[in-house]
Amino acid sequence: MSSSALPTLNSRQVREVDALADERFGVSVEWLMEAAGWQIARFVGQRAAVVCGVGNNAGDGLAAARHLHRWGRLAAVCCIDAGRLHGPAARELAALRNLGIDVEDELRFDDVEVIVDAIFGTGLTRAPEGRFAAWIDTINKSGKGVIAVDVPSGLDADSGVAYSPTVQADVTITLGLPKPGLLKLSGRVLVADIGVPIEAYEAIGIAVPHDLFAQGDLVRL
């Protein structure tokens, strides 16, 4: 499927669709986060380190980590500042900790074959700084394969500007619909069905093919 065959979803529309899914159609953000984590984990076939930031993108990564743990493919979970997580992402963190999984505040890539990048999602509008930038640099220098959640961290999802630094992803699993900025450093892009009602997209004027996921719940652009 060509990238022009699908509509895109910008960061504002992501928020609108999430709210509509919950308030009008009864599909909560927690449910969408769980589905996103399931899709990511299903794709990751190797021992993985899940690297998380502080927003809902981190929650998607933490949900993926829980499934990877159950399937024996989780090597590490690293979170820049777990204390800043809130809402559904904080509940995903609590679920991991209830399982006795150590969420580390430093990067650890020993016994790791692939890195899941869940640092930044669609809301980034400026260059990463501080520990965020340092962790992205370390990921890029690691020599490991990288799977990005929704967009590579450091990439502006709307404009396509790749700030310095930006994760150099081998694969990007974008959630629901492609994002306009997925043109640079995204690697192979797969669109994952996370259960957003097509009616929620239509409610904000986005026409989505009703057969988008008829042949499978991961569609390659």
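The values are calculated or read from the model by the stated rules, or taken from the named source; none is laboratory data. Fair warning: this is a prediction, and the values are worked out from it, not measured in the lab. A quick note on method: Cβ atoms are made from the backbone with ideal geometry, for glycine too, and the neighbour counts reach across all protein chains shown.
When the range 106-115 is limited to residues that are modelled with pLDDT of 95 or more and acidic (Asp, Glu), the one that is farthest from residue 78 (Cα to Cα) turns out to be 113.
Table: residues versus (1) at pLDDT below 95; (2) under 22 Å from residue 179 (Cα atoms); (3) charged (D, E, K, R).
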residue	(1), (2), (3)
117	no, yes, yes
121	yes, yes, no
124	yes, yes, no
130	no, no, no
136	no, yes, no
142	no, no, no
150	no, yes, yes
153	no, yes, no
159	yes, yes, no
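Condition test on residue 127, is it surrounded by 12 or more Cβ atoms within 10 Å (Cβ to Cβ) and free of Cβ contacts under 8 Å to residues at least 24 places away in the same chain? So residue 127 fails the test.
The helices (runs of 4 or more DSSP H) located wholly in the range 1-79 that include 3 or more residues which are among the aliphatic types (A, V, I, L, M), surrounded by fewer than 23 Cβ atoms within 10 Å (Cβ to Cβ) and more than 12 Å from the chain's Cα centre (by Cα) occupy 11-23. For residue 167, the criteria (1) surrounded by fewer than 23 Cβ atoms within 10 Å (Cβ to Cβ); (2) in contact with a Leu (Cβ under 8 Å, 6 or more places away or on another chain) hold in every case but one, which is (1).
In the range 40-62, the residues that are over 13 Å from residue 117 (Cβ atoms) reach residues that are among the β-branched types (Val, Ile, Thr) and part of a helix (DSSP H, G or I) with C-beta atoms within less than 9 angstrom, at least six apart or across chains, in these pairs: 56/29; 59/29.
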